[in-house]
1. Quick query: amide H of THR609 versus all other amide H atoms, modeled in the peptide plane; which residues come in under 5 Å with a sequence gap of 5 or more or a different chain?
2. Structure shown: which of LYS264/LYS449; LYS458/LYS563; LYS52/LYS257; LYS113/LYS154 lie over 18 Å apart, alpha-carbon to alpha-carbon?
3. Just order 45-55, 327-337 by mean Cβ neighbour count inside 10 Å, highest at the front, would you?
4. Loop only by DSSP, 15 or fewer other Cβ within 10 Å of the Cβ. Give me the chymotrypsin sites (Phe, Trp or Tyr not before Pro) in segment 82-183 that pass, ordered by residue number.
5. Relative contact order for the chain: what is it in percent, counting Cα pairs under 8 Å that are at least 6 residues apart?
6. How far apart, in nm, are two points set 7 Å out from the Cα along the Cα-to-Cβ line at LYS560 and at LYS142?
7. Given the Cα-Cα distance of ALA431 and ASN526 and 0.36 nm per residue of separation, how much length would full extension add, in nm?
8. Between segment 502-579 and segment 361-376, what's the alpha-carbon centroid distance in Å?
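Here, each number is a calculation from the coordinates, and none is a lab measurement. What you see is a predicted model, and the numbers here were worked out from it, not measured in a lab. Here the Cβ positions follow ideal geometry from the backbone for every residue, glycine too, while neighbour counts run over all protein chains shown.
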Amino acid sequence: MCGIVGAIAERNVTGILLEGLKRLEYRGYDSAGVAIMSGANNKIHNVKAVGKVNKLVAAAAKTKVKGRLGIAHTRWATHGKTTVANAHPHMSGTDIAIVHNGIIENFEVLRDKLIKDGYVFKTETDTEVIAHLIHQTRKSGKVSLLNAVKKIIKKLQGAYGLCVIDRNSPDQIVVARSGSPLVIGVGIGENFVASDPLALSQVTDRFVYLEEGDIAQVGLESFEIWHGGKKVKRAITTIQSTASDAEKGKYKHFMLKEIHEQPKVIQDTLDGRISGNKVLEEAFGIKAKGVFDKVKSVQIVACGTSFHAGQVAKYWLESIAKLPCQIDIASDYRYRDIIVQPGTLFITVSQSGETADTLAALRFANKQSYIASLSICNVATSSLVRESDLCLLTKAGQEIGVASTKAFTTQLTVFLILAIVLARRTGLKPAQEAKLVKELSKLPGLITKTLKLSNNIKKLSQQFTDKNHSLFLGRGIQYPIAKEGALKLKEISYIHAEAYPAGELKHGPLALVDDQMPVVAVAPNNDLLSKLQANLSTVSARGGKLFVFADESIGYKSDKSCKVIHVPNCPDILAPIVFTVPLQILSYYVAINKGTDVDHPRNLAKSVTVE
Ligand code: G6P
């Protein structure tokens with residue numbers, strides 16, 4: 001959470017920092033701030049505003065602040081309310097300004113000690129202690145900024161991506177990483193730092209990824225990195241500009257654009273991994289075969305939407321690959337007494353690859369007796385990918401809307417490919433593989449057809465606008481899809497949405513059903529269809545209003561109590577992916593009707609890098 005940008009250049013950096021913050025808004029958007037050093041006396045001008053980055057842009061325009069060195073931050077509050085005082089950068093006196101991403105767990109102890117030492121705290125944040133600790137270490141004038149940061153981080157418990165400037169060292173930014181991502185953007189005669197390369201794609205395409213425990217001093221012409229007391233070299237990675245991902249183009253919102261990108265990004269995810277009638281196992285990398293040969297069971301761990309992808313995958317791993325599979329919520333997984341069965345492959349699923357709980361689960365799992373760790377991830381350079389033995393990248397491109405859409409459907413696509421590769425070891429015949437691969441290759445076309453339902457769903461969405469509660473139902477593998485549909489609706493429209501396996505209706509939720517609670521169901525043409533229909537009739541019988549997304553081949557018809565939307569007929573294995581799309585569209589239009597901030601829903605953030 002929280003986004004950081006910093007710049008040192010021979011030109012004014014205010015615009016670069018503000019543009020960087022706009023691109024980082026997905027990391028938090030409750031307040032923002034920028035600290036710029038300028039003038040002959042290197043004064044630090046600190047401008048902050050509550051709300052999204054545009055509010056800060058307006059505030060910065062009023063002050064006309066300009067300078068060649070600066071740091072900036074967009075916040076997702078953890079400690080302290082969303083006030084101007086609590087917004088970053090935080091200062092110690094007039095000399096030191098810092099921005100911080102993460103949580104300092106022992107800040108209260110540190111703050112009490114600093115108060116005894118005479119420091120006055122102006123904010124409710126955990127971060128302010130860092131600024132004062134640096135000031136305290138430097139005030140003798142004998143310790144360099146770099147050494148002060150090296151010294152004080154030893155006192156910090158928790159997680160940080162940290163950026164510091166000091167008017168007494170006006171030629172550098174000092175940064176440190178532990179638990180929160182940071183990159184150095186390498187320019188010519190200028191350098192930058194950020195929590196994500198996306199923030200800097202307008203100024204450079206060359207990046208150095210700092211590793212856990214790295215500290216760096218970034219100057220105009222050069223930068224130096226230390227790790228464990230030693231100077232280290234880190235490779236420069238060139239990344240193609242992601243500018244078009246960061247533009248909405250003809251779409252009103254990133255979420256809508258990302259929903260419509262799904263046929264393309266699913267095709268990108270399949271490209272190079274399937275060919276003719278088989279999955280190309282070589283595409284998984286040279287280490288993969290040795291690992292896949294040993295797999296006897298699978299443990300999946302993830303958060304949010306990625307967790308739902310894992311829940312769907314459990315069904316495929318069992319039905320296609322005949323492998324036992326367990327799935328856990330990442331924030332809980334490492335706090336239970338796990339028992340690792342011999343031959344278990346550990347899989348994390350994450351769009352960002354930086355989610356703190358998922359990363360902590362991976363680090364915990366890497367110390368257990370799993371045969372290997374594999375990450376299914378959308379960011380090749382993320383911490384999760386770098387710390388896993390194997391990775392299967394989704395090719396969704398940058399996902400900006402906070403509510404995940406294309407990342408989810410590409411995660412499912414990758415899981416299907418994985419299930420097929422593992423199934424080869426458990427008896428899947430080439431002819432069966434050929435059938436599955438042929439079906440898989442139809443997926444982009446089927447999603448394109450499904451997107452054509454948009455206008456119908458838009459009309460139907462009006463019936464949700466004035467509702468406060470809703471129920472989503474599915475059976476078997478469609479239950480996680482119902483959960484994902486409910487999550488989308490609550491995230492962006494703030495309507496309470498709960499998902500249930502349809503067979504559970506009679507054990508409680510039926511008591512909630514009345515004409516004020518829309519009941520949404522996903523009904524593909526599968527073995528459980530008649531059971532689902534029986535469950536749904538209990539809703540109609542009690543005056544409930546049903547909205548059923550049904551495979552067009554079933555012949556399900558609308559009536560007074562039930563509105564049916566026909567979804568293109570699709571093979572059984574593709575149904576979870578195809579049926580996700582209408583639910584995404586539904587939540588999008590309900591949110592539009594309600595006038596919420598679709599791409600930046602209240603209280604949420606895209607990348608959750610705190611526990
Ligand atoms: C946040 C996002 C969700 C996402 C979840 C897990 O809550 O708002 O959209 O599903 O984090 O993120 P990850 O990057 O690990 O998939």
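1. Amide H neighbours of THR609: ALA356.
2. From LYS264/LYS449; LYS458/LYS563; LYS52/LYS257; LYS113/LYS154, over 18 Å: LYS52/LYS257.
3. Result, highest mean first: 45-55, 327-337.
4. Counting only loop positions with at most 15 other Cβ atoms within 10 Å, the chymotrypsin sites (Phe, Trp or Tyr not before Pro) in segment 82-183 are PHE121.
5. In percent, rounded to a whole number, it is 12.
6. For LYS560 paired with LYS142, the spin-label model returns 9.0 nm.
7. Details: separation 95, 0.36 × 95 = 34.20 nm, distance 2.17 nm.
Length gained between ALA431 and ASN526: 32.0 nm.
8. 39 Å
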